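Engineer: I'd like to ask you about the structure that follows.
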Amino acid sequence: MYIIYPDQDLMDEMNCNSFTVNRLKKELIKHNLLLEENMPSGHSDRLYPLRVNEIYK
């Protein structure tokens, strides 16, 4: 399962800039919670949420 969510839409939803969006995505990737697949120019990257069924305490 993947999500297509353009960075501009993330910035609008989170009311932040591209630096913050990229920093947060990198943090999720670092903790194995997100996988990002780069797509060809003109297409949004695919975001694969990982471990969506696990509950963290």
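The values are calculated or read from the model by the stated rules, or taken from the named source; none is laboratory data. This structure is a prediction, so every number in the text was calculated from the model and none was measured. Here the Cβ positions follow ideal geometry from the backbone for every residue, glycine too, while neighbour counts run over all protein chains shown. All accessible areas refer to the heavy atoms of the entire protein, side chains included, with ligands and DNA or RNA removed. Shrake-Rupley method; radii C 1.70, N 1.55, O 1.52, S 1.80 Å.
Engineer: Take the solvent-accessible surface of the protein heavy atoms, probe 1.4 Å, and return the percent of it on the chain that carbon and sulfur atoms account for.
Structural biologist: 53 percent
Engineer: Let me ask something additional. Please state the charge dipole magnitude for the chain, taken about the Cα centre, from unit charges on C-beta atoms (+1 on K and R, -1 on D and E), reported in debye and rounded to the nearest 20.
Structural biologist: So the magnitude is around 320 debye.
Engineer: Still on this structure, I have one more. In a Gaussian network model over the chain where Cα atoms closer than 10 Å are linked, find which of L35, L47, L24 has the largest mean-square fluctuation.
Structural biologist: Ranking L35, L47, L24 by mean-square fluctuation puts L24 first.
Engineer: Relative to the present Cα-Cα distance, how much length would full extension add between D7 and F19 at 0.36 nm per residue of separation?
Structural biologist: 3.3 nm
Engineer: Determine the sum of side-chain charges near K30: Lys and Arg each +1, Asp and Glu each -1, restricted to other residues whose C-beta is under 15 angstrom from that of K30.
Structural biologist: That works out to +2.
Engineer: Enumerate the calculated ³J(HN,Hα) couplings along the stretch 34-42 in order (Karplus 6.51 cos²θ - 1.76 cosθ + 1.60, θ = phi - 60°), each rounded to whole Hz, writing x wherever the residue is Gly or Pro.
Structural biologist: Per-residue couplings from phi come out as 8, 10, 10, 9, 6, 9, x, 3, x Hz.
Engineer: Whole number in Å², please: accessible area per residue of the chain, 1.4 Å probe, ligands, DNA and RNA not counted.
Structural biologist: Spelled out: the 1.4 Å probe surface of the chain, per residue, equals 84 Å².
Engineer: Still on this structure, please answer the following. As a test of the formula, what do you get for the chain when each DSSP H run with n ≥ 4 contributes -39,500 (n - 2.57) and the sum is divided by the residue count, at 222 nm and rounded to the nearest 500 deg cm²/dmol?
Structural biologist: -11000 deg cm²/dmol
Engineer: What number in nm² do you get for the chain if you take the convex hull of its Cα atoms and divide its surface by four?
Structural biologist: 4.6 nm²
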